[in-house]
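The values are calculated or read from the model by the stated rules, or taken from the named source; none is laboratory data. Just so it is clear, the structure is predicted and the values come from calculations on it, not from any experiment. Cβ atoms come from the backbone with ideal geometry, glycine included; neighbour counts cover every protein chain shown. Side chains are part of the model used for accessible areas, which takes the heavy atoms of the whole protein and leaves out ligands, DNA and RNA. Shrake-Rupley method; radii C 1.70, N 1.55, O 1.52, S 1.80 Å.
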Amino acid sequence: MNFLADQEFDAFDKWHDRYGKRFATNSSLHGYPVPVLQYANWRLLDTECINALDHDLHREIEERIRLRRTGRNEQCILHGDDLLILHDTARDRSTGFVVIVSPDALEWFLAQHFPNARPTPALLRLTACYLGGLSLSEGARLDGKSVETRKSQARELRQRLDLERTEDVQRIVGGQLIAALSAMLTEASVQSHDVFERYRERYLPEAVRCLVLSDSGNKPFRILDMGPKAGTPLIVLHAMILPDIRQKDIALLDELGLRLIWPLRNGLYAPDDPTFSEDEQIRHACHGIDLVRRVFCEEKIHILSLAASSKVAIAYARKNAENIDALFFAAACVLEGRPVSGARRLAKGMLALASRNETLMSATMDYFRRTILTPARFPAFIRGQFQASRADSLIVEAELAGPHGGERFREALIHSIPSARHDFGFQRALDWDLARALGIETHFLHGDDDPIHPLPLIRTLVESFSEAHLHVIEKAGQLLYHDHLRDMLTPIAARIRG
């Protein structure tokens, strides 16, 4: 959990109180819960969690991570009564996990690996001192004990652990503890979220809250949460990549009283996520929606899907209709809208590849990542994709002329290929026939300057529903953000309030 800025007690806090042991910063060492904190690029990602534990502990861990950057490489550190175990996941040690092992957790670990030890509190403390790298005399001075007392305790500890030398405590016991914690982190499938965190840090307003939640099976789900915590939740399903979110957009959410919660699909800003089939991706996305519903929402939910994510919204609604108050489809896709000429014919080619050969699709996406999505070629490429719409072209130019010069758009595509490839695949069959049978109030929001999926085709789609509402957004295309965000969200907020 990262960057929950204020202390309001909302639905998330209530959920965390009840299900805290399922949270991603908790893992289990042989069944004993231990806190696990993540760092990336030499910075803690779990600041709020560790502050809640202990302020001094927070400062100690940050200092140890800073020292690792200078070449220091202590893996096991004694802090008060606790051991801090640092586990690297990057070659330069800039990314990894910090496991906090309390005396109780250490006693539990010893019971699993050295069942005859049954250490007393004094021997547990001596074990922690040795594992933390303190010599016998250093540990004695720290605890105000005599060296002779510690020598006597050391003999007893060696006997109980069946060790020949005192040095074996750190070598053998410490080695087994590190191995057990490494296995724990692997078994828990705690994934690295450093790309996701870098995106937040560089491109999103500070008020955007980035979370990594886990379900009861400890599977992680990345979440973006923006807007007032007391606002009405609106679950938003993103398109190929996220839109450009600015500080003025956060102010708009405050004005409308909307809290946008985005469950991110597998592979979005996570190039190392496992490769999912389309069915696996949809199941994962639906699971994320339901987790958000249970964590943040206390009543029936409202879902806003962008572009081809409508397929996910429909899949979720088919199995959870009783949990949904209304569905909103923005910049919806229709099969008839595929262009036959111009720069957008690339999208049509991608769709054809997705429907015929998944291996070829993956290779083609990788080719575009290496050759088209370079800093030199990207501006011309992205301009060409949206040149048929004046509205979309204005947004593209605003991004290219902005403080990041189009890097947000380019990096998002590069780091989201495992997710983006499914956007093309979803459009092979958009499932609008299934949506018509849902019996859920449905709204479509669409720009009148969208040549990719033109408004007349959307009108025909809306009319095919027994009851659906169309909200036309003037002078807008496929990219419904920047100045179009107000026109998209205002009717949604009015419907929710109504």
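Taking the criterion of being among the acidic types (Asp, Glu) and either open to solvent by 30 Å² or more (accessible area, probe 1.4 Å) or assigned to a strand (DSSP E or B) (or both), the residues of segment 400-449 that qualify are 407, 411, 431, 433, 441, 448, 449. Annotation note: of 177, 142, 123, 163, the sole residue that is modelled with pLDDT of 85 or more, among the aliphatic types (A, V, I, L, M) and in a loop (DSSP other than H, G, I, E, B) is 163. The number of residues in segment 145-159 being under 22 Å from residue 82 (Cβ atoms) and not in a loop (DSSP other than H, G, I, E, B) comes to 4.
State whether the residues of segment 335-351 include one that is crowded, with 18+ Cβ neighbours inside 10 Å and at pLDDT 65 or above. For segment 335-351, residues crowded, with 18+ Cβ neighbours inside 10 Å and at pLDDT 65 or above: absent. Which one of these does residue 452 not meet: (1) modelled with pLDDT under 90; (2) open to solvent by 30 Å² or more (accessible area, probe 1.4 Å); (3) in a loop (DSSP other than H, G, I, E, B)? Of (1) modelled with pLDDT under 90; (2) open to solvent by 30 Å² or more (accessible area, probe 1.4 Å); (3) in a loop (DSSP other than H, G, I, E, B), only one is false for residue 452: (2). Being open to solvent by less than 10 Å² (accessible area, probe 1.4 Å) and modelled with pLDDT under 85 is a condition met by at least one residue of segment 357-370. Only residues that are at pLDDT below 85, assigned to a strand (DSSP E or B) and open to solvent by less than 10 Å² (accessible area, probe 1.4 Å): list them for segment 64-97, please. If the condition is that a residue be at pLDDT below 85, assigned to a strand (DSSP E or B) and open to solvent by less than 10 Å² (accessible area, probe 1.4 Å), then 96 is the only one that fits.
The set of residues from segment 103-122 being surrounded by 17 or more Cβ atoms within 10 Å (Cβ to Cβ), within 16 Å of residue 163 (Cα to Cα) and touching a residue at least 60 places away in the same chain (Cβ under 8 Å) comprises just one member, 110. Output yes when any residue across segment 225-233 is part of a loop (DSSP other than H, G, I, E, B), on the phi < 0 side of the Ramachandran plot and in contact with a helix residue (DSSP H, G or I) (Cβ under 6 Å, 6 or more places away or on another chain), and no when none is. Yes: one or more hits.
Residue count for segment 314-334 satisfying the condition of being under 16 Å from residue 236 (Cα atoms) and open to solvent by less than 10 Å² (accessible area, probe 1.4 Å): 11. All conditions in (1) at pLDDT 75 or above; (2) assigned to a helix (DSSP H, G or I); (3) crowded, with 20+ Cβ neighbours inside 10 Å hold for residue 100, with the sole exception of (2). Scanning segment 371-399 for residues that are of a type in the set (A, V, I, L, M, F, W, C), assigned to a helix (DSSP H, G or I) and open to solvent by 30 Å² or more (accessible area, probe 1.4 Å) yields 380, 381, 394, 398. Please verify whether segment 266-275 includes one or more residues that are within 23 Å of residue 311 (Cα to Cα), among the polar types (S, T, N, Q) and out of contact with any His (no Cβ under 9 Å at 6 or more places or on another chain). Yes; the residues of segment 266-275 include at least one that is within 23 Å of residue 311 (Cα to Cα), among the polar types (S, T, N, Q) and out of contact with any His (no Cβ under 9 Å at 6 or more places or on another chain).
Exactly one residue among 214, 182 is within 28 Å of residue 311 (Cα to Cα) and in contact with a strand residue (DSSP E or B) (Cβ under 8 Å, 6 or more places away or on another chain), and that residue is 214. Scanning segment 275-289 for residues that are open to solvent by less than 40 Å² (accessible area, probe 1.4 Å) and in contact with a strand residue (DSSP E or B) (Cβ under 9 Å, 6 or more places away or on another chain) turns up 284, 285, 288, 289.
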